[in-house]
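Please read the structure below before turning to the comments.
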Amino acid sequence: MPAYVLVGAQWGDEGKGKIVDYLAAQTDLVVRYAGGNNAGHTVINQMGTFSLHLVPSGIFHPETTCIIGNGVVLDPAVFLAEISDLRSRGVDVSRVFISDRAHVIMPYHILLDQLEESAKGGLAIGTTGKGVGPAYMDKTARVGIRAGELLDPISLKPRLQQVIQYKNSILTKIYNSESFDLESVFTQCVEWGKQLKEFLRPTELLLQQAIARGKSILIEGAQGTLLDLDHGTYPYVTSSSSSVAGISGGLGIPPRDVSAVIGVFKAYCTRVGSGPIPTEMPTDIGVDIRERAWEYGTTTGRARRIGWFDAVVGRYSSRINGFTSAVLTRLDVLDGMPTVRICVGYKINGEIVEHFPSTTTLFEQCEPIYEDMDGWNEPTAGVTQLSQLPKEAMRYVKRLEELIECPIRLISTGPNREETIHIEPLF
Ligand code: IMP
């Protein structure tokens, strides 16, 4: 079992952090391959409650090495603050490594993210405003700064000079905004380089060596498949390949070394930012769920929109990623609902559609076709054995399994590590 991956199957926030934390106990390495500090994982364990944005959730297991791969965009200020918080709370961070090829989120990326969003007005994506999109844009435009370059001030300066000159003309001429001073950005970069030095490595090599030695590697997805740049609800997506597609490019390991792909599905849907969500619940039910389940963004604190489980999205996600097994989270949030609904297809202009449409315009027109199932009165919260699930909850799980075409092997029934039903090994 060289490497296995945990991917968000919906719009992110499926509860991957808890599952990574749960599985990391049996894993030698936990690694991230895409996204940046737009992601947020809440981990609750015996050491307390932690919100992680960059450091992989395996950090709480003393034997686990945590890697931030080259596909991640790294805001050094956020990373260093996270490390300092973990250290101050007694967590050993000596096993955290960052790829020297990871691109850096620079201060101008954060400002541009915010300016670009306001310029879009009603068509804004609703980004997290962390500079993630602009950093990936610079990566593909070949004007990005990589983490390893922060260690080489002599080569860095002319590159930075060129980029800042270009960024400043955009900032001042297009957005009528402030400009950046080369010297202060350069000084900041050199300081970041000094502080990041102990963490920087050619992580592709660490991973290749770990694979050669038969170590187990848990690859932690950020965001979710429906936010994937190619396969998500474009343009309301993030700027990286958050599906399984991003792994090889984002880590420097070949696809043949990934032997299991685990999809994480929430028992209902949520979404932050703009873009359609066809199964959005009526306000009263949505608000009730949001408050009970505290469905607010870990990174931005924004209220998440709540929808019924969308099996068209689920099946699409299963097929894109080739899930070999699935995890179902937050089943307990549906406890006590008289009826639970599953969207099994869409109608567009009266025509039944079973495949996920490619454009936002079509997606906005999708009317969900629901299958209603009886809810359950007895709680599933905290249940650890499959046999203790109410029969209606069991039926719901089985129906989801059929619709997503993939076996559900682990169910999360609460935020704590122990509140988990492990039905069968995930791989
Ligand atoms: P960006 O990644 O900040 O550019 O934001 C693009 C879209 O992805 C927005 O709709 C965000 O709300 C969404 N997004 C980014 N990261 C996450 C996440 O970790 N969970 C859920 N949504 C996210």
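A few remarks follow.
- The residue that is most open to solvent (accessible area, probe 1.4 Å), counting only those in the stretch 355-368 that are touching a residue at least 24 places away in the same chain (Cβ under 8 Å) and in contact with a strand residue (DSSP E or B) (Cβ under 6 Å, 6 or more places away or on another chain), is GLU367.
- Residue in the stretch 213-231 that is open to solvent by 30 Å² or more (accessible area, probe 1.4 Å), out of contact with any Lys or Arg (no Cβ under 7 Å at 6 or more places or on another chain), away from the ligand (no atom under 14 Å from the Cβ) and assigned to a helix (DSSP H, G or I) present: no
- The listed residues are ASP335, ASP310, and the only one of them that is of a type in the set (D, E, K, R) and surrounded by 20 or more Cβ atoms within 10 Å (Cβ to Cβ) turns out to be ASP310.
- Single residue of LEU182, LEU151, LEU156, LEU160 found to be open to solvent by less than 80 Å² (accessible area, probe 1.4 Å) and in contact with a Lys or Arg (Cβ under 7 Å, 6 or more places away or on another chain): LEU151
- Residue check for ARG95: assigned by TED's automatic domain parsing to the domain that holds VAL237, out of contact with any strand residue (DSSP E or B) (no Cβ under 6 Å at 6 or more places or on another chain), open to solvent by 20 Å² or more (accessible area, probe 1.4 Å) and without any contact (Cβ under 8 Å) to a residue 60 or more places away in the chain: no
- A search for C-beta distances below 8 Å between a residue of the stretch 102-127 that is in a helix (DSSP H, G or I) and any residue that is among the charged types (D, E, K, R), counting only pairs 6+ apart in sequence or on different chains, returns TYR108/LYS167; HIS109/ASP138; ILE110/ASP75; ILE110/LYS130; LEU111/GLU178; LEU112/LYS167; ASP113/LYS130.
- Any hit, the stretch 254-265, residues being at pLDDT 95 or above, touching an Asp or Glu at 6+ places or on another chain (Cβ under 8 Å) and either surrounded by fewer than 16 Cβ atoms within 10 Å (Cβ to Cβ) or within 19 Å of ALA222 (Cα to Cα) (or both): yes
- Output for the stretch 369-379, where each listed residue is out of contact with any Pro (no Cβ under 7 Å at 6 or more places or on another chain) and open to solvent by less than 80 Å² (accessible area, probe 1.4 Å): ILE369, TYR370, GLU371, MET373
- Selection within the stretch 1-44 - more than 13 Å from the ligand (Cβ to nearest atom), assigned to a loop (DSSP other than H, G, I, E, B), surrounded by fewer than 24 Cβ atoms within 10 Å (Cβ to Cβ) and not acidic (Asp, Glu): MET1, PRO2, ALA25, GLN26, THR27
- Taken residue by residue, the stretch 195-208 has no member that is more than 26 Å from the chain's Cα centre (by Cα), crowded, with 17+ Cβ neighbours inside 10 Å, at pLDDT 95 or above and more than 16 Å from the ligand (Cβ to nearest atom).
- Test: residue in the stretch 362-380 that is assigned to a loop (DSSP other than H, G, I, E, B) and within 28 Å of the chain's Cα centre (by Cα): yes
- So LEU80, is it open to solvent by less than 20 Å² (accessible area, probe 1.4 Å), more than 16 Å from GLY221 (Cα to Cα) and part of a helix (DSSP H, G or I): no
Yes or no, residue by residue, for (1) among the hydrophobic types (A, V, I, L, M, F, W, C); (2) surrounded by fewer than 17 Cβ atoms within 10 Å (Cβ to Cβ):
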residue: ALA293; (1), (2): yes, no
residue: THR299; (1), (2): no, no
residue: GLY314; (1), (2): no, no
residue: ARG319; (1), (2): no, yes
residue: THR324; (1), (2): no, no
residue: ARG330; (1), (2): no, no
residue: VAL340; (1), (2): yes, no
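- Condition check for ILE352: loosely packed, with under 15 Cβ neighbours inside 10 Å and either in contact (Cβ under 8 Å) with a residue 60 or more places away in the chain or in a strand (DSSP E or B) (or both): yes
- The set of residues in the stretch 383-421 being part of a strand (DSSP E or B) and either hydroxyl-bearing (Ser, Thr, Tyr) or at pLDDT below 95 (or both) consists of SER412, THR420.
- All strands (runs of 3 or more DSSP E) inside the stretch 236-332 with 1 or more residues being away from the ligand (no atom under 16 Å from the Cβ): 258-266, 325-329
The values are calculated or read from the model by the stated rules, or taken from the named source; none is laboratory data. Since the structure is predicted, the reported quantities are computational estimates derived from the model, not experimental observations. Every residue, glycine among them, receives a Cβ derived from its backbone with ideal geometry; neighbour counts consider all protein chains shown. These accessible areas exclude ligands, DNA and RNA; they are computed on the full protein's heavy atoms, side chains included. Shrake-Rupley method; radii C 1.70, N 1.55, O 1.52, S 1.80 Å.
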